[in-house]
Amino acid sequence: MPPWHLRDYHDDDLDQAIQIWDQSRQAEAESVFPVSEVMAAAKAGQPAVVALVGDELVGMAVAQADGRRAWIVLVALASRWRERGIGSALLAELERRLRALGVRHVSALLPAGAAGTKALENSGYRLREGLTYYEKLEPPGADNADVLAALGGRMLPGGLWDTMAGMEREKQVVERRVVLPLTEPALADRYGVAPPKAVILFGPPGTGKTSFAKAVASRLGWPFVELFPSRLAADTSEGLAAALREAFTELAELDSVLLFIDEVEEIAGARSGKAVDPGHGVTNELLKIIPGFREHDARMLVCATNSVRSLDAAFLRPGRFDYVIPIGPPDPTARAAIWARYLRAAGDGVDIGRLVAASELFTPADIEFAARKGAQAAFEREITERGGRPPGIDDFMTAIADTRPTLTARALEEFTEDIGTYSRL
């Protein structure tokens, strides 16, 4: 008996299936059917068969049937298990299922020399020479609109990166480490720089981690999808781990995406080591999902946390995340830039230096709140007095005094410690 056995594709096979596909594809030849389309077909119940040696997935074949005709959209084999008859066995099993569906005409369209071509020839498929292949692609994102809407994602307006006032230190790090390798792929490849696939942003609440994630998506022109762990748990009766797996499977249908998970410690907190710990399953599931997600091109995972020290050690290990980037509170220069952004309607006599000095423990979100509070006070005064006075320094100083800052001296001290312990740039 052969050392392998065949069975139907299961959703749990996704990570291994993507790895097999990656081993089978040729760097110089683009696949006709992208992996997202292939996995979507398998998930939708189209004929899909996998070959396993023990628990290791070593091959996969998928077809799309339409009436009496079907297309083989994938024949993938692990590198060290080729030319052992697995490809022919997968095709035979796939054909058996297609015949049961009434299919009588099976075709395959593969790059020359791709994995599976020998199996097709050995299984009686005839090479049709003299044909020319045409295709027309819809505008980017058009074919993913329904999937993106179902995931609650959206295309963000361009220019968000330029609207982020201050935070120049953080912007430089994110620009150099994250954005440029993705916007200059040819140059990055020439210098052996691998574009990042996953990063962690950490820092005190309100410092702009979500804004950075959105700005990167805007800069890249990729859809932005945010996963909310609490909402995932509420949307299914099968548990958070199953919901997480389902969400990542749906994400595989998108051609490009920036996936953002805020407060990731909710699903990646340090495990207690006790088998009864309910968080084990969720953390384990996320740890299994990330390597598969990293196999995709034009996709990035950005996780944010206010408490990096509460994350599981395995989650922070190199190999899952390319960078662990601190996003700290704004320094005086950044606070001045942020105040200036919100003082466009204020009078010329507003001393920004006084505002900067008075808002030392303010985050960008705190400054925005205080600026709006000062402007609101001036607006209400105008409604009452009709004096024609724009917001002034007293309005904003009063607003600062009435605003409780997010940051504390202790929080800044812990953040400084975390930079030395956890940051990876």
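The values are calculated or read from the model by the stated rules, or taken from the named source; none is laboratory data. Note that the structure is a prediction, hence the values are computed from the model and not measured. So basically every Cβ, Gly included, is an ideal-geometry build from the backbone, and we count neighbours across all protein chains shown. Please note that ligands, DNA and RNA were not included when accessible areas were found on the heavy atoms of the full protein model with its side chains. Shrake-Rupley method; radii C 1.70, N 1.55, O 1.52, S 1.80 Å.
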#### Entry: Of all DSSP beta bridges in the chain, antiparallel share, percent nearest 5
50 percent
## Note on the structure
Residues whose built amide H sits under 5 Å from the amide H of Ala51, excluding neighbours closer than 5 in sequence, are Val58, Gly59, Met60
### Message
What FRET efficiency comes out for Phe379 versus Glu184 if R0 is 41 angstrom and r is the Cβ-Cβ distance? Round to the nearest 0.05.
### Response
0.35
#### Entry: Cα-based helix-to-principal-axis angle, 240-251 vs the chain, degrees rounded to 10
80 degrees
### Query
Given 0.36 nm per residue, what is the gain on full extension from His105 to Asp8 after removing their alpha carbon distance, in nm?
32.8 nm
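What FRET efficiency comes out for the pair Thr163/Val32, r = Cβ-Cβ distance, R0 = 45 Å, nearest 0.05?
0.65
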### Message
Need one value: the accessible area of Asp331 in square angstrom, 1.4 angstrom probe, rounded to the nearest 10.
### Response
50 Å²
### Task
With mean projected area of the Cα convex hull in nm² in mind, check [x] 27.4; [y] 21.9; [z] 20.6 and report the label derived from this structure.
[x]
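Per the helix-only calculation at 222 nm, which mean residue ellipticity applies to the chain, given -39500 (n - 2.57) for every DSSP H run of n ≥ 4 and division by its residues, nearest 500 deg cm²/dmol? Don't skip to the answer; put the middle values down first.
Numbers: 20 runs with 185 residues, N = 425.
Counting only the DSSP helices, I get -12500 deg cm²/dmol.
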### Task
Compute the FRET efficiency between Leu412 and Arg389 as 1/(1 + (r/R0)^6), taking r as their Cβ-Cβ distance and R0 = 35 Å, and round to the nearest 0.05.
0.45
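Stretched out fully, how many nm does the piece from Ala92 to Asp66 gain, at 0.36 nm a residue minus the Cα gap?
On the way: separation 26, 0.36 × 26 = 9.36 nm, distance 1.88 nm.
Net length gain for the segment: 7.5 nm.
Note the full-extension length gain between Ala358 and Ser307 as 0.36 nm times their separation in residues minus their Cα-Cα distance, in nm to one decimal.
Working: separation 51, 0.36 × 51 = 18.36 nm, distance 2.66 nm.
Separation in residues times 0.36 nm, less the Cα-Cα distance, equals 15.7 nm.
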### Query
Under 5 Å between amide H atoms, partner at least 5 residues away or on a different chain: which partners does Asp262 have, H built in plane at 1.01 Å?
Leu227, Ala304
### Summary
Of 359-367, 317-325, ordering from highest average Cβ density within 10 Å down gives 359-367, 317-325
### Summary
Karplus ³J(HN,Hα) for region 196-204 (6.51 cos²θ - 1.76 cosθ + 1.60, θ = phi - 60°; Hz, whole; x = Gly/Pro) runs x, 10, 7, 9, 10, 10, 10, x, x
